[in-house]
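Quick one: the structure is below, questions incoming.
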Amino acid sequence: MADNKAKNDSDAEMETSMPLPQVTESQKELASQAMSEFDKKQYGSCCSLMHKLIAQRPTDPKVAHNKAVAEFFQSGFLTTDEFRQQLSKVCQMAHVNIDNSESLEDVDHSVIYFNQAVILYHLRQYKAALNILDKLFQYIEPLGSSIVGTYRLSFRYTVESSVRDRKYVDSNNEFQEEALAKKATMLLVELYLCTYQPEKAMGMVHYAEKTVFTAGKNAGEKENKEDQVDEAWKPKISLYKTRCLLMMKSMKSCKREIKSLMSTQAMNTAVIYLKSNFEHLRGNHKKAMKMLGSVSTSDFTEAGECMPVMYNNNLGCIHFHLSKHHLGAFHFRKAFQENENAIKDIKRGAEHNKNLSGKTLNSIGMSRHFELLYNMGIQLLHCGKAMPAFDCLVEAVQVFRSNPRLWLRLAECCIMANRQNNDEDRKLEKRLEVIQGSDGSGIHRKLRLGPGLKKDNPSPGTPAIPAATHEFAALCLKNALHLLPEDPLTAEKVPIEDSDTVKITPEMVLVPAPPGNPLKAAEVASLRCSILAASAYVALCLNDYTLALLHAENLLKQPKLTGAQRYLGHLYMAEAQVAMDKIADAIQLLNPELVVDISLTLPENKTEQDKSERDPEASESKGYFYPWSPKDLTRAKAIAQYNLATAHAIRGEYDKAGQNLGESSSRIGTPLPAQMYFLKLYLDLIEGRRNMAQVVIKDHFGHVTPNRVEMKMNSKPGVPRPDTAVS
């Protein structure tokens, strides 16, 4: 049987390698009739004619290709798997390796590669499709109309079927007879946008506008006349230009393009969503929301996108920037529900088409489950719901694992799950932990002081297993740092021997951050500061003081630090030094006079921030996404001064400790954090001021010290060392 199989394979190979017979007049007539029926969208008649033609030319890959395309159109784009199998057979007949774009050498095979790129595009394998289109683009100029005639039954409406951004899709059904070069160019622009390369996309649009889409231009004519662009393609080109400008955040140019677009084209869904996105990026969130309300959300777009999903997702993003986080979470939940309903509708439709694959080509990549998970996780994190946010982001990171910002947010979920906010130590239950209870009665009554608020409870298991622990947070932060470019402050200085070495400029730094735009150099620098601050905090929580000191030192060396990050860097560095018995160095860092700025804005951006504060109409988004504590400079100095008092107390300088503690408690405001009561009792007892300690206990812990009972405490209690930080 093996010999028979080898013989059959060799016979098939000989058949495909044999030269094709000449095309007869009757075969030309059949092909012409089939093309005419295809153009009339009479796919059943077209398939019948193609069956007759394939019977006469069974080894012709062009006929087999056109037959497969016609059958795919006849099925309503439901037989995607079958079509891919037929395309593979065509490749075997034509001796084409479809998986290797470098093997494209024959111009006649361009349509096969184009169709493969279209399928990969709808499967959301954008990089693979882009590799094919980049190679195919080298053949676009010499293609001409002959190639389109060779594989005439190529995909229709391919460029219009935008998978990623349906809000930018033009719904006009009018591109019936466009050349392969035009469709390949538009698909290439779409792929550049899907892979967040707006500069390349804009360059391709300008090139296509001057060459590919110029109507009636002869070879000797100049290419700089804008009025030569084919009128049928002008709206599409204008839409792509606007998308590129929005992604590049070029607001001035985008405003002019949108104005031109709205004056030359009806206000359809694509234009409205573009305008809404533009207003959102400008900070006019209410205006953007009003424009979204004028769009119908009751159906799918022609390209297969679920409009209710996109509508609710965009509303959730707008409410996020308006700091209405719970309302934003509501719209994201609604978007989830609409996404699930859309998938169920597709499955329900597949049950009625048992002989078909089920999903249409443009609905294969329709689901936005993981993008919505990402948005929902960020929103819940700002709502203060750490565990639900953690569950969303853990699932999303499986798909967007190359996003360093997502790893940081995941670590922040772990931090928040273990400590909700900085005012947690002011709560009553925390202050009640200062006095754990009492023993004895009368003059023999003894009070038991608590061990402190810092608990060393290492989490069980391995940090590689996702759990909202500090150990897993440390792993997430390590991943985030690893995904960033090498820090120029810690990079080894390698002497440059070659004078022709290309110098890397900040504009060349782009770090992938799906599902969002790539991070530019300034964003990478800001993100690194945030990661280092969180890493220092997590290392302190894990009692890894050497690593905490390293992260804090690296943070303070960063060139662009906000006032808040510099403040945290000093606190974390001082706490690590105290734990490592470098108290003299810590005392210098904790000088409250050094605290002069705790703003969350970089110095060069403060002018714009002050302007928006003076002009309430300049921006509709007030405040920060999440409340920051300490809120003012006075309280920030008080926290630093408390830590200074703690350092003096550990050093044995009780007078200085008491003086700094008194000044700090008067500035920090009531209720005082529990740590201050610990330190006050510690200083009073260790210096023998028993009466003063009793006054503090009576005033603040009277529930365990009735006035009618005389209390007596040890003058030399074995109290623990005070906590070294109020975070």
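Would you calculate the separation in nanometres between label points at His51 and Arg651, each defined as 7 Å from the Cα along the Cα-to-beta-carbon direction?
9.5 nm
I've got another one for you. When Lys and Arg each count +1 and Asp and Glu each count -1, what net charge do the other residues less than 15 Å away from Leu408, Cβ to Cβ, add up to? Provide the component values of the computation, followed by the final result.
Values: positive: Arg401, Arg405, Arg409, Lys478, Arg528; negative: Glu412, Glu523.
Result for the local shell: +3.
Based on the Cβ-Cβ distance from Lys347 to Leu432, what FRET efficiency comes out when R0 is 41 Å, to the nearest 0.05?
0.15
For Lys427, what charge total do you get from the other residues with a beta carbon under 15 Å from its beta carbon, if Lys and Arg give +1 and Asp and Glu give -1? Don't skip to the end; give the middle numbers.
Working: positive: Arg419, Arg426, Lys430, Arg431; negative: Asp423, Glu424, Asp425, Glu429, Glu433.
With Lys, Arg at +1 and Asp, Glu at -1, the net is -1.
Once you've got the Cα coordinates, tell me which of Lys135/Lys200; Lys210/Lys236; Lys582/Lys698; Lys52/Lys135; Lys324/Lys631 are over 25 Å apart. Don't jump to the answer; show the numbers that get you there.
Working: Lys135/Lys200 15 Å; Lys210/Lys236 15 Å; Lys582/Lys698 36 Å; Lys52/Lys135 35 Å; Lys324/Lys631 20 Å.
Long pairs (Cα-Cα over 25 Å): Lys582/Lys698; Lys52/Lys135.
How far, in nm, would the chain grow between Arg448 and Tyr626 when pulled straight, counting 0.36 nm per residue and subtracting the alpha carbon separation?
Going from the current span to full extension adds 60.3 nm.
Just grab the label-to-label distance for Ser253 and Glu29, each label 7 Å out from Cα along the Cβ direction, in nm (one decimal).
Label at Ser253, label at Glu29, 5.6 nm between them.
Can you figure out the FRET efficiency of Asp487 with Gln138, using R₀ = 41 Å and their beta-carbon distance, to the nearest 0.05? It would help to have the intermediate numbers written out before the result.
Values: r = 39 Å, r/R0 = 0.95.
Once the sixth-power term is evaluated, E becomes 0.60.
Grab the Cα-Cα distance for Asn97 and Asn418, subtract it from 0.36 nm times how many residues apart they are, and report the gain in nm with one decimal. Spell out each step's value before the answer.
Details: separation 321, 0.36 × 321 = 115.56 nm, distance 5.44 nm.
Using 0.36 nm per residue and subtracting the Cα-Cα distance, I get 110.1 nm.
Could you check the simple spin-label distance between Arg124 and Lys560, using points 7 Å along Cα→Cβ, in nm with one decimal?
Between Arg124 and Lys560, the simple spin-label model gives 3.1 nm.
Shifting gears a bit: If packing is taken as the average count of other Cβ atoms within 10 Å, what order do 359-366, 592-599 fall into, highest mean first?
Values: 359-366: 21.6, 592-599: 15.8.
Answer by packing, highest mean first, reads 359-366, 592-599.
Quick note: the coordinates plus some simple rules give every number you see, no bench work behind them. Predicted model, so just to flag it, every value in this text is computed and none were measured. Counting neighbours? That spans all protein chains shown, and the Cβs are built from the backbone with ideal geometry, glycine included.
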